[in-house]
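Undergrad: Dropping a structure here in structure tokens format, bear with me for questions.
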Amino acid sequence: MSTQKQSKETICVQGGWHPGKGEPRVLPIYQSTTFKYETSEQMARLFDLEESGYFYSRLQNPTNDAVAAKIAELEGGAAAMLTSSGQAATFFTIFNICSAGDHVVSSSAIYGGTFNLLAVTMKKMGIESTFVNQDASEEEIAAAIRPNTKLLFAETISNPGVMVLDIEKFARVAHSNGIPLIIDNTFATPINCRPIEWGADIVTHSTTKYMDGHASSVGGAIVDSGNFDWNAHADKFPGLTQPDPSYHGITYTETFGKGAFITKAVVQLMRDLGAIQSPQNAFLINLGLESMHLRMKQHCNNAQKIAEYLQNRQEVAWIHYPGLKNDTYYNLAQKYLPNGSCGVLSFGLKGGREVAIKFMDNLKLAAIVTHVADARTSVLHPASHTHRQLTDEQLIAAGVAPDLIRFSVGIENADDIIADIKQALEA
Ligand SMILES: *Cc1c(COP(=O)(O)O)cnc(C)c1O
């Protein structure tokens with residue numbers, strides 16, 4: 001591997017897998033649960049974390065590791081791991097540093113599944129969350145932080161409200177309170193934004209979306225920048241800075257340095273909770289990554305055209321797309337996403353919820369699917385679908401108006417998508 005820093009496009013195509021002489025050019029699928037050793041002693045050293053190596057695919061698998069390495073490189077991180085889903089990535093990230101009695105501060109403008117995870121499931125585990133308006137001042141956001149708060153969480157571009165986060169503002173609040181900033185970068189992808197460059201400490205992904213890009217496999221990833229100094233706040237993060245009795249008293253920050261967070265998540269959480277990505281799916285995600293830089297361009301170009309078209313239709317009551325000059329988040333997008341944001345936009349139609357549902361039913365090219373951010377244009381009504389469990393108050397806090405249509409622009413020809421929208425509006 002060359003040590004010269006490569007551009008994102010090259011990493012998309014060639015990162016992660018660097019075959020030697022006579023090895024497969026294409027990343028192989030190591031479809032094996034287990035790996036062979038010569039002596040019992042060799043294997044024992046792996047179990048004690050005295051040596052690194054493969055022994056069981058619930059912990060590590062070479063296909064997965066190559067894809068994780070590519071994603072780490074794309075995000076500019078120190079280490080990464082794959083998980084079975086984006087939900088597992090979010091859960092592992094939080095649970096790696098929080099336990100019963102701890103507290104999380106999150107933007108309220110987050111994916112519905114993440115909201116449920118924090119507000120309902122993790123609450124049952126004794127981890128409480130406070131949700132803040134991400135557009136509030138630093139002082140207001142900081143006021144939600146308590147002595148037992150362990151992290152600050154938000155999305156680069158919120159799903160489905162397409163609100164753009166002021167990442168530097170969130171990083172300042174987190175760091176002045178001695179906690180890491182965790183950013184879900186699913187919608188922006190590292191092609192359009194690298195949150196670590198703006199101060200994020202850990203980045204999570206639902207690789208199910210643009211990374212896979214073809215709606216073929218559910219998956220997640222966690223990338224650690226390696227930048228957060230856990231030892232400077234050692235009392236807050238005992239799991240990383242104090243000996244782990246389940247590994248003969250190893251201390252992650254001492255033994256693994258910048259790899260501490262990911263190593264702990266793999267050898268503790270993956271070992272015990274087992275939400276591993278299948279190597280077959282990792283292979284498919286890698287195929288998606290190889291063209292992600294090209295697809296993101298087309299998604300963004302198409303979405304911009306469609307946003308401009310919708311903005312000029314009299315049936316449209318409102319539209320959010322950060323690429324529109326009069327959008328609330330245009331300036332933040334210019335700063336953090338200068339090459340484009342994503343293919344997702346949201347809008348409402350005059351006449352509200354019923355008209356929205358009728359419009360969606362009339363679309364032909366754009367399919368109604370519980371998915372977003374893939375090659376095919378798709379559409380969803382979050383209040384009826386992904387965010388169905390939220391109360392009206394929670395919907396508003398999440399940036400989801402009851403009439404919001406989430407339109408995920410694919411990589412087809414923009415004129416065909418516009419023609420479909422036109423016929424559905426006029427039907
Ligand atoms: C889809 C999504 C998730 C959850 O990911 P899954 O792969 O569906 O588990 C998390 N965050 C965001 C922003 C998402 O869009």
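The values are calculated or read from the model by the stated rules, or taken from the named source; none is laboratory data. Small disclaimer: the values here were computed from a predicted structure and weren't measured. Counting neighbours? That spans all protein chains shown, and the Cβs are built from the backbone with ideal geometry, glycine included. Just so you know, the surface numbers come from the protein's heavy atoms only, side chains and all, with ligands and any DNA or RNA stripped out. Shrake-Rupley method; radii C 1.70, N 1.55, O 1.52, S 1.80 Å.
Undergrad: Check cross-link reach from LYS36 to the aspartates and glutamates: straight Cα distance under 16 Å, and skip same-chain residues fewer than eight apart.
TA: GLU51
Undergrad: Separate question: Given R₀ = 41 Å, what would the calculated FRET efficiency be for HIS233 paired with ASN312, taking r from the Cβ atoms and rounding to 0.05?
TA: Numbers: r = 51 Å, r/R0 = 1.25.
In this case the efficiency is close to 0.20.
Undergrad: For the stretch 121-203, what does the relative contact order come out to in percent, with C-alpha contacts under 8 Å and a separation of six or more? It would help to have the intermediate numbers written out before the result.
TA: Values: 105 pairs, mean separation 22.1, N = 83.
Across the stretch 121-203, relative contact order equals 27 percent.
Undergrad: Can I ask one more? At q = 0.13, 0.14 Å⁻¹, what is the base-10 log of I(q)/I(0) for the chain according to the Debye formula with one equal point scatterer per Cα and no solvent? Please give it to two decimals.
TA: Normalising to I(0) and taking log10 leaves -1.13, -1.29.
Undergrad: Moving on to the next point. Summarise the accessible area of the stretch 293-426 (1.4 Å probe, protein heavy atoms) by the percent that is carbon and sulfur.
TA: 50 percent
Undergrad: Hey, if you put +1 on the Cβ of every Lys and Arg and -1 on every Asp and Glu Cβ in the stretch 293-426, which of VAL409, VAL369, THR386 ends up farthest toward the positive end of that dipole?
TA: Sorting the options by dipole projection puts first VAL409.
Undergrad: Taking only protein heavy atoms and a 1.4 Å probe, what accessible area per residue, in Å², does the stretch 293-426 have with all protein chains in place?
TA: Details: 6020 Å² over 134 residues.
That works out to 45 Å² for each residue.
Undergrad: Could I ask something else about it? In square nanometres, what is one fourth of the surface area of the convex hull spanned by the alpha carbons of the stretch 297-382? Write down the numbers at each step before the final one.
TA: Values: hull surface 23.1 nm².
Spelled out: convex hull of the Cα atoms, projected over all directions, averaged, 5.8 nm².
Undergrad: Quick one: of LYS169/LYS258; LYS124/LYS258; LYS70/LYS209, which pairs are farther than 22 Å apart, Cα to Cα? Display every interim value, and only then the final one.
TA: On the way: LYS169/LYS258 24 Å; LYS124/LYS258 31 Å; LYS70/LYS209 16 Å.
LYS169/LYS258; LYS124/LYS258, as the Cα separations exceed 22 Å there.
Undergrad: About its Cα centre, what dipole magnitude does the stretch 293-426 give when the only charges are +1 on Lys and Arg Cβ and -1 on Asp and Glu Cβ, stated in debye to the nearest 20?
TA: I would put it at about 280 debye.
Undergrad: Can I ask one more? Semi-axes of the equivalent ellipsoid for the stretch 339-427, please: Cα gyration tensor eigenvalues, times 5, square-rooted, ordered largest first, whole Å. Don't skip to the answer; put the middle values down first.
TA: Details: eigenvalues 94, 51, 23 Å².
Sorted largest first and rounded, they come to 22, 16, 11 Å.
Undergrad: List nothing, just return the count: lysine pairs in the stretch 285-427, 8 or more apart or interchain, with Cα separation under 30 Å.
TA: 21
Undergrad: Now a separate question. For the stretch 1-61, which whole-number percentage of the solvent-accessible area (1.4 Å probe, protein heavy atoms only) is attributable to carbon and sulfur atoms? List each step's numbers first, then the result.
TA: Details: 2340 of 4520 Å².
Heavy-atom surface of the stretch 1-61 belonging to carbon and sulfur, 1.4 Å probe: 52 percent.
Undergrad: If you restrict to DSSP beta bridges whose two residues both lie in the chain, what percentage is antiparallel, to the nearest 5? If you can, show how the numbers build up before the last one.
TA: Details: 24 of 42 bridges.
Taking every DSSP beta bridge with both residues in the chain, the antiparallel ones total about 55 percent.
Undergrad: Where Lys and Arg each count +1 and Asp and Glu each count -1, what net charge lies around LEU74 among other residues with Cβ under 9 Å from its Cβ? Write out the running numbers ahead of the final one.
TA: Values: positive: LYS8, LYS70, ARG194; negative: GLU73, GLU75.
For residues surrounding LEU74, the net value is +1.
Undergrad: Right, another one. Given contacts defined as C-alpha pairs under 8 Å and at least six residues apart, what's the relative contact order of the chain, whole-number percent? Each step should come with its number before you reach the end.
TA: Working: 848 pairs, mean separation 71.9, N = 427.
So the answer I get is 17 percent.
Undergrad: Let me ask something else about it. Would you mind classifying the stretch 91-219 by shape? Square roots of the alpha carbon gyration tensor eigenvalues, ordered a ≥ b ≥ c; an a/c under 1.5 is rounded, otherwise it is prolate if a/b is larger than b/c and oblate if not. Don't jump to the answer; show the numbers that get you there.
TA: Working: a/c = 1.78, a/b = 1.27, b/c = 1.41.
Here the stretch 91-219 falls in the oblate category.
Undergrad: Solvent-accessible area per residue for the stretch 130-210 at a 1.4 Å probe radius, Å²?
TA: Details: 2070 Å² over 81 residues.
Ligands and nucleic acids excluded, the result is 26 Å² per residue.
Undergrad: Assuming 0.692 mPa s and 37 °C, estimate D for the stretch 123-172 with Stokes-Einstein, Rh taken as the Kirkwood radius over Cα pairs, in µm²/s.
TA: Working: Rh = 12.1 Å.
The diffusion coefficient I find is 271 µm²/s.
Undergrad: If you don't mind, another one. Arrange the peptides 182-193, 252-263, 317-328 so that the one whose residues have, on average, the most other Cβ atoms within 10 Å appears first. Please report the intermediate quantities before stating the final value.
TA: On the way: 182-193: 27.7, 252-263: 20.1, 317-328: 18.0.
Most protected by this proxy first, the peptides run 182-193, 252-263, 317-328.
Undergrad: Sticking with this one: For the stretch 92-223, which whole-number percentage of the solvent-accessible area (1.4 Å probe, protein heavy atoms only) is attributable to carbon and sulfur atoms?
TA: Working: 1820 of 3540 Å².
The C+S portion of the solvent-accessible surface of the stretch 92-223 is 51 percent.
Undergrad: Right, something else. Could you tally the net charge around TRP318, taking each other residue with its Cβ under 11 Å from the Cβ of TRP318, Lys/Arg +1 and Asp/Glu -1?
TA: Values: positive: LYS350; negative: ASP327, ASP403.
Overall, the nearby charge balance is -1.
Undergrad: Given Cβ point charges of +1 (Lys, Arg) and -1 (Asp, Glu) and nothing else, what value in debye, to the nearest 20, does the dipole of the chain about its Cα centre take? Don't jump to the answer; show the numbers that get you there.
TA: Numbers: 34 positive and 44 negative charges, 120 e Å.
Using only the charged Cβ atoms, the result is roughly 580 debye.
Undergrad: Tell me the relative contact order for the stretch 218-272 as a rounded percent, counting alpha carbon contacts under 8 Å between residues six or more apart.
TA: Numbers: 46 pairs, mean separation 16.7, N = 55.
Value for the stretch 218-272: 30 percent.
Undergrad: Here is a follow-up. Looking at the chain as a GNM with Cα springs under 10 Å, which of MET292, MET43, MET211 has the largest mean-square fluctuation?
TA: It is MET43.
Undergrad: While we're looking at this one, here's another question. Compute the accessible area per residue over the stretch 218-258, keeping the other protein chains in place, probe 1.4 Å, unit Å². Provide the component values of the computation, followed by the final result.
TA: Numbers: 1950 Å² over 41 residues.
For the stretch 218-258, the per-residue accessible area is 47 Å².
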